[in-house]
Amino acid sequence: MVYVIRRLLQAVFLALVMSFLVFTGIFAVGNPVDILIDPEATQAERVRLIAQLGLDRPFHEQYFVFLGNVLQGDFGNSFVYNRPALGLILERMPATLELAFAAIVIAVVLGIPLGMYAGLRPGTAGSQTVMAGSILGFSVPNFWQAIMLIMIFSVMLGWFPVSGRGQVGEFMGIRSSLFTLNGLQHMALPAINLAIGHLALVIRLARSGTQEVKAQDFIRFARAKGLREPRIVLVHLLRNILIPIVTLVGMSFGGLIAFAVVTESIFAWPGMGKLIIDSIRQLDRPVVVAYLIVIVVIFIILNLLVDLLYSLIDPRIRLDGAKQ
Amino acid sequence: MSLLEINNLQTHFFTSGGVVKAVDGVSYHVDRGEVLAVVGESGSGKSVTGLSVMGLIDAPGRVVGGSIRFDGREIANLPGHAMRQLRGARIAMIFQDPMMTLNPVLRVDTQMVETIHAHREMSKSAAWALCRDTLGRVGIPAPDERMRAFPHQFSGGMRQRVAIAIALLNKPDLIIADEPTTALDVTIQAQILHLMQGLVEEDGTGLVWITHDLSVVAGFADRVAVMYAGEIVEQATTDSLIEAPQHPYSRGLIGSVPSRNRRGARLAQIPGGAPPALNRPEGCRFAPRCAYRMAGCDAPQSLRNNVRCWRADELPAFDEVPA
């Protein structure tokens, strides 16, 4: 419990530092007044707007005003949409979350068995195919994979729609396109596109973990006990290779949410990534700042969850970080 | 009929550098309630022999010849599922490093109960109770609590007791113990030895005790097989081996036990090291290190009267050799 509280305090501090960095960074680029104001406006109108927005005040004052507002949940209004920036982002978040979630599920559900197979049967044709595929997976550029997926499965075979998010269904109060067939069809290609790189990584981690663990004495002892092979592999081996995979999945998930930009753009997926790209292009400061802070918070939460999971998987890891 | 009879066992490893004949024609037998010590230095093939009996030789290794009869039944190269039914049920094995033999992420009760369920139907609670009682039997205090602990919460000696308890769970006829005390403190070693001695006596279990430490053997084993470079060089009852070793290698081993040496005198040793497994001498494998070597030693040696040395009868009595 103490550990969780300490981690939360660290997280708050981290968020604070990030808010400062983000604010400074955004302060340094461009002048939002140029976009906001009618080019025909007089100098007097211009000065009035600057004063109204508080842009004439010194940097640190602006920062504290900003921080005070953020603490009250106010990230300012989008210059472009003239609506609260945070609301704009949270509106898009489910689309990105469901996509990232689907991608991670694909990566883990396929990656762990394939990697373990490659680790248990090295040198076989199947294992070499898996490993060659994983090299392709993370060396072929993501955008090219996306275009190829669209060309083959949408254009040539016509199995999946080319772009967009399909119908949204509701299940237990959660609205997501995971719950309709049409939604799943729309999601398949972008999710696969997002998953491929991570799938390749999961395969590699699962394989190297398997190779390391299968040579351990406790696996040999498990055999000496006369356990059946499935139990040895699914309980004794799997539990021991999970830690690096959980780390990767935690980090990947954050990365997928934050940087699904390319995939979302290509498949016209109405998620946060697409919003942020548009906002940067239009110098929509409040949206960019709010987005970055939301991402920081997501990363912090994921990190915390990963650490908590460690202690569930490996009893030797105590939450205070010491090994017993 | 012996419980375990190994005859001319050959276990080879097919490596890129050549065929390593880790076990090259080994024969020994163990009866119920008997303790056989297999002694030899690292690489002599003593562990590989044990693993061959368990059917636990991994690629690139393979049992290529000879027979392993367990309770009258040939088990060398038995199909996997049949071997699995024997392993942990009728033949159990304990390994050297107790820090490594228990799965670090599973609780002790999980690792024990699964051993029972791999071999027979039993309700979860009955299996749990049996495991707890077995933990108590190997001298683990407060077994009820310790069942729920993880391996890292045990000391090395206690972990080896857990491993022994696991080996005992299905009341095996034979236990193969591969240097189970080597990684432990001397005092703990003595406790484990004492424990094992009591347990095999109680249950009438046959025990193969693999070790490189002769001092462990005395007073514990009934018979000793000395292995060198993949072969057995001498087999005898423990008393006669310790008092009157025949083979020059056994003599060397016993001569190098420090307690035998006079205080202040230089410690006795066997010069040189074991030959590399891929490049063993053509004739007697011990000849390059042997103090009694002569021209006739270039021929391969066979076991005669349980000693693999053609000159064994001519050598001076062991007691007369200056320490």
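Are any residues in the stretch B:149-158 within 11 Å of chain A (Cβ to nearest Cβ) and open to solvent by 20 Å² or more (accessible area, probe 1.4 Å), and if so, which ones?
Correct list: B:Phe150, B:His152, B:Gln153.
Considering only residues that are free of Cβ contacts under 8 Å to residues at least 40 places away in the same chain and within 21 Å of B:Thr211 (Cβ to Cβ), look in the stretch B:252-288 and name the one that is most open to solvent (accessible area, probe 1.4 Å). Give the steps one after another, and end with the answer.
First, the residues of the stretch B:252-288 that are free of Cβ contacts under 8 Å to residues at least 40 places away in the same chain: B:252, B:256, B:258, B:263-264, B:266-267, B:269-273, B:276, B:279, B:281-284, B:287-288.
Add one more test, that the residue is within 21 Å of B:Thr211 (Cβ to Cβ), and what stays is B:252, B:256, B:258, B:267, B:269-270, B:273.
On the way: B:Gly252: 19, B:Ser256: 36, B:Pro258: 84, B:Leu267: 115, B:Gln269: 147, B:Ile270: 30, B:Gly273: 48 Å².
The selected residue is B:Gln269.
Could you list, in sequence order, all residues of the stretch B:264-318 that are outside any loop (DSSP other than H, G, I, E, B), within 28 Å of the chain's Cα centre (by Cα) and among the charged types (D, E, K, R)? Quick ask: steps written out before the conclusion?
Within the stretch B:264-318, the first condition is being outside any loop (DSSP other than H, G, I, E, B), and the residues that meet it are B:287-289, B:295-298, B:304, B:307, B:318.
Filter once more, keeping what is within 28 Å of the chain's Cα centre (by Cα): B:287-289, B:304, B:307, B:318.
If the condition is that a residue be outside any loop (DSSP other than H, G, I, E, B), within 28 Å of the chain's Cα centre (by Cα) and among the charged types (D, E, K, R), then B:Arg289, B:Arg304 are the ones that fit.
Given the conditions (1) open to solvent by 20 Å² or more (accessible area, probe 1.4 Å); (2) at pLDDT 80 or above; (3) closer than 30 Å to A:Leu53 by Cα, which single one is not true for A:Ile300?
Tallying (1) open to solvent by 20 Å² or more (accessible area, probe 1.4 Å); (2) at pLDDT 80 or above; (3) closer than 30 Å to A:Leu53 by Cα, A:Ile300 fails exactly one: (3).
Which helices (runs of 4 or more DSSP H) sit wholly inside the stretch A:173-285 and have at least 2 residues that are under 30 Å from A:Asn77 (Cβ atoms) and open to solvent by 30 Å² or more (accessible area, probe 1.4 Å)?
Numbers: elements: A:181-214, A:217-224, A:238-258, A:261-266, A:272-281.
Correct list: A:261-266, A:272-281.
Cβ-Cβ distance below 8 Å, separation of 6 or more or different chains: which pairs start in the stretch A:231-246 with a residue that is farther than 18 Å from B:Met100 by Cα and end on one that is outside any helix (DSSP H, G or I) and of a type outside the set (Gly, Ala, Ser)?
Taking only residues 6 or more apart or on different chains, the pairs are A:Ile243/A:Asp314.
Taking interchain pairs and intrachain pairs at least six residues apart, which have beta carbon atoms under 6 angstrom, with the first residue in the stretch B:19-46 and within 16 Å of B:Leu174 (Cα to Cα) and in contact (Cβ under 8 Å) with a residue 12 or more places away in the chain and the second polar (S, T, N, Q) and outside any strand (DSSP E or B)?
Close Cβ pairs (under 6 Å, with a partner that is polar (S, T, N, Q) and outside any strand (DSSP E or B)) amount to B:His29/B:Ser2; B:Asp31/B:Ser2.
Do we find that B:Arg84 is touching a Ser or Thr at 6+ places or on another chain (Cβ under 8 Å), assigned to a helix (DSSP H, G or I) and either open to solvent by 10 Å² or more (accessible area, probe 1.4 Å) or away from chain A (no Cβ under 13 Å) (or both) in this structure? Explain how you work it out, then say what you get.
On the way: touching a Ser or Thr at 6+ places or on another chain (Cβ under 8 Å): no; assigned to a helix (DSSP H, G or I): yes; either open to solvent by 10 Å² or more (accessible area, probe 1.4 Å) or away from chain A (no Cβ under 13 Å) (or both): yes.
The answer is no for B:Arg84.
Hey, can you tell me all the residues within the stretch B:87-100 that are at the interface with chain A (Cβ under 7 Å from one of its Cβ atoms), of a type outside the set (A, V, I, L, M) and outside any loop (DSSP other than H, G, I, E, B)?
B:Arg87
In the stretch B:224-251, how many are open to solvent by less than 10 Å² (accessible area, probe 1.4 Å) and within 16 Å of B:Asn7 (Cα to Cα)?
So the count comes out to 7.
Within the stretch B:46-63, can one find any residue that is part of a strand (DSSP E or B), in contact with a helix residue (DSSP H, G or I) (Cβ under 9 Å, 6 or more places away or on another chain) and not basic (Lys, Arg)? I'd like the intermediate steps shown before the answer.
Restricting attention to the stretch B:46-63, the residues satisfying the condition of being part of a strand (DSSP E or B) are B:61-63.
From what is left, the residues that are in contact with a helix residue (DSSP H, G or I) (Cβ under 9 Å, 6 or more places away or on another chain) are B:61, B:63.
Still in the running and not basic (Lys, Arg): B:61, B:63.
Taking every residue of the stretch B:46-63 in turn, at least one turns out to be part of a strand (DSSP E or B), in contact with a helix residue (DSSP H, G or I) (Cβ under 9 Å, 6 or more places away or on another chain) and not basic (Lys, Arg).
Here is a yes/no grid of residues against (1) in contact with an Asp or Glu (Cβ under 8 Å, 6 or more places away or on another chain); (2) in a helix (DSSP H, G or I); (3) touching a residue at least 40 places away in the same chain (Cβ under 8 Å); (4) over 22 Å from B:Asp71 (Cα atoms):
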| residue | (1), (2), (3), (4) |
| --- | --- |
| B:Asn103 | no, no, yes, yes |
| B:Val113 | no, yes, no, yes |
| B:Ala129 | no, yes, no, yes |
| B:Gly139 | no, no, yes, yes |
| B:Val162 | no, yes, yes, yes |
| B:Lys171 | yes, no, no, no |
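When you go through B:Ile6, B:Ile75 one by one, which is the residue that is touching a residue at least 24 places away in the same chain (Cβ under 8 Å) and among the hydrophobic types (A, V, I, L, M, F, W, C)?
Details: B:Ile75 fails: touching a residue at least 24 places away in the same chain (Cβ under 8 Å).
Within the list B:Ile6, B:Ile75, the selection yields B:Ile6.
Conditions tested, residue by residue: (1) modelled with pLDDT under 90; (2) under 27 Å from B:Val53 (Cβ atoms); (3) surrounded by fewer than 22 Cβ atoms within 10 Å (Cβ to Cβ).
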residue: B:Leu102; (1), (2), (3): no, yes, no
residue: B:Val108; (1), (2), (3): no, yes, no
residue: B:His117; (1), (2), (3): no, yes, yes
residue: B:Ser123; (1), (2), (3): no, no, yes
residue: B:Asp133; (1), (2), (3): no, no, yes
residue: B:Gly136; (1), (2), (3): yes, no, yes
residue: B:Ile176; (1), (2), (3): no, yes, no
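Could you grab me the full set of residues in the stretch B:214-240 that are in contact with a Lys or Arg (Cβ under 8 Å, 6 or more places away or on another chain) and under 16 Å from B:Gly40 (Cβ atoms)?
Start the filter on the stretch B:214-240 by keeping residues that are in contact with a Lys or Arg (Cβ under 8 Å, 6 or more places away or on another chain), which leaves B:227-238.
Across the stretch B:214-240, the qualifying residues are B:Met227, B:Tyr228, B:Ala229, B:Gly230, B:Glu231, B:Ile232, B:Val233, B:Glu234, B:Gln235, B:Ala236, B:Thr238.
Give the residue that is surrounded by the most Cβ atoms within 10 Å (Cβ to Cβ), with candidates limited to residues of the stretch A:13-40 that are small (Gly, Ala, Ser) and modelled with pLDDT of 75 or more. First the steps, then the outcome.
Residues of the stretch A:13-40 small (Gly, Ala, Ser): A:15, A:19, A:25, A:28, A:30.
Now restrict to residues that are modelled with pLDDT of 75 or more: A:15, A:19, A:25.
On the way: A:Ala15: 16, A:Ser19: 19, A:Gly25: 12.
Applying the filter and picking the extreme gives A:Ser19.
The values are calculated or read from the model by the stated rules, or taken from the named source; none is laboratory data. Because the structure is a prediction, the values reported are computed rather than measured. Positions of Cβ are generated from backbone atoms using ideal geometry, with glycine treated the same way; all protein chains shown enter the neighbour counts. What goes into the accessible areas is simple: the full protein's heavy atoms, side chains included, and nothing from ligands, DNA or RNA. Shrake-Rupley method; radii C 1.70, N 1.55, O 1.52, S 1.80 Å.
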